[in-house]
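The values are calculated or read from the model by the stated rules, or taken from the named source; none is laboratory data. Since this is a predicted model, take the numbers as computed values, not measurements. Note that each Cβ is placed from the backbone with ideal geometry, even for glycine, and that neighbours are counted across all protein chains shown. These area figures cover heavy atoms from the full protein model, side chains too; ligands, DNA and RNA do not enter into them. Shrake-Rupley method; radii C 1.70, N 1.55, O 1.52, S 1.80 Å.
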Amino acid sequence: MTVARSEGVTAPAAASSEAVGATTGDLVPPLVAAGAAGALAAYTYGRRRRRATTRTTPGGSGNRLIPLPELDLQARQLLVDVDNCVRASAEELRFAAVQAPADAVAPYRESLARAEGELRAAFRLRRRLDDTDTAPDGDDRREALEEIVSRCQDAGRRLDAAAPGFDQLRALERETPAAVEGAETRFRELAARTPATAATLVGLHERYAPTASSPVAGDVEQAKDRLVFATLRLNQARQCADRGEGTKAAASLREAEAAVAQAGDLLDGVDRRSAELATAAARLPGALAAAETALGTVHGRPPTDRSAEPFPVGGDARLTRAEALLAGVRREMASGPYDPPDALRRVVEAGALLSEAGEAEVPGLRDYALLSARGALTSATGFIGTHRGAVGSTARTWLAEAERLLGPGSSTLAETRRADALAQEARRLAERDVRAYGTPSGGDAGAGTGGAVLGGILLGDGGGPVSYGGPRTRGRRPTSPA
């Protein structure tokens, strides 16, 4: 993907147009029975309603089912659209939380949380449909697709219903000058920080193998691109406010805030990756030594004795594979730049093979696996969030499943490794989607607009700016506060 490149970033003047280079207790039995009956009735009604919402045709006759391929496409598109709405709404909610009292923000936070719950359930259904081992067919597949559509529609309607009140809460038209000041302050902080983050990235290139820094290789340049867009929109917001054009000022401000936030996310990604690599490099020797000790116990030699012959070909292939993995990591560490998280993953794989063979256990193996998995999850989350204008449903589905596996509660080693693999695949699929999408043209809308479309700050059909709300309201223009 080609990204607009600039040599530096400078803060905008107040009215300049220069660009820049972002217990439970016991219950009485009758109450239990009544509650269960009520829950069952609600579930049955909801299930019937969900099926009814999708059993229709484009012509609206209502007595023929939507063809399955068409329903599948509809479900995929709704997942993308509602996921984008949830992401944008979460960003807008953070902005509102800075300006408004917590009790005023609480209803919108609750609406978002409920929409997120519906979306998570929809992604789990999509994951089941996409898994060749568990995917249903026929009527079961149709029912799952209808459930996805219904859940996405419910999530979107909840956000749409909250959108007008949210506009009153933010009152951007009335608060534009103060909000612009806040956005410009954050802008200047990021502009001043960009050179140091760029130097950090250069250091990663020099210190580690290329694959170690590749997830953030273009983040600094993309942050500059978002800041270019932000400075233009901030200037527009000021100019429109001075002319009394409150609606236009609020729209430009909303675009600028989102671009500044994404620039910050991109720069944070570089610094976070640097910390992840350093942590993995620091933990790797101990992990490798523990795995070699376990392998040495199986092999009947001290862990430091590397002169013994490898496991025979006729032996347990898992032990042979484990030994090869550990030997490869040891060689890389001795010979030059390497990728610490990737090396740590191979040590974890070797330890898992030893455990599966029933031969030995490597202490702390799940902790090492968590280190890599969380890094992969963060990487995929950040990339999809800052490129959501181009990323399809499959990458988001894999990401949602990885998030579920690494969520609250104790995950097994197998679940952790599965989450790691899913997060890596989500990132790979998202990158593929972005390459296929290409670099949007800014046209006459100004520098950085293509990146704003790619980042989901602006809608690709020319609408926008994206705000708190569902599919029907996300691209609305701000309305005047009552």
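Given the criteria in contact with a Leu (Cβ under 7 Å, 6 or more places away or on another chain) and surrounded by 16 or more Cβ atoms within 10 Å (Cβ to Cβ), does ALA183 qualify? So ALA183 passes the test.
TYR368: closer than 24 Å to ARG427 by Cα and surrounded by 23 or more Cβ atoms within 10 Å (Cβ to Cβ), yes or no? Spelling it out, TYR368 is indeed closer than 24 Å to ARG427 by Cα and surrounded by 23 or more Cβ atoms within 10 Å (Cβ to Cβ).
Screening ARG207 against (1) open to solvent by less than 50 Å² (accessible area, probe 1.4 Å); (2) touching a Leu at 6+ places or on another chain (Cβ under 9 Å); (3) basic (Lys, Arg) leaves a single unmet condition, (1). Hey, any hits in the stretch 161-174 for a residue that's among the charged types (D, E, K, R), in a helix (DSSP H, G or I) and within 25 Å of the chain's Cα centre (by Cα)? So far as the stretch 161-174 goes, no, none of its residues is among the charged types (D, E, K, R), in a helix (DSSP H, G or I) and within 25 Å of the chain's Cα centre (by Cα).
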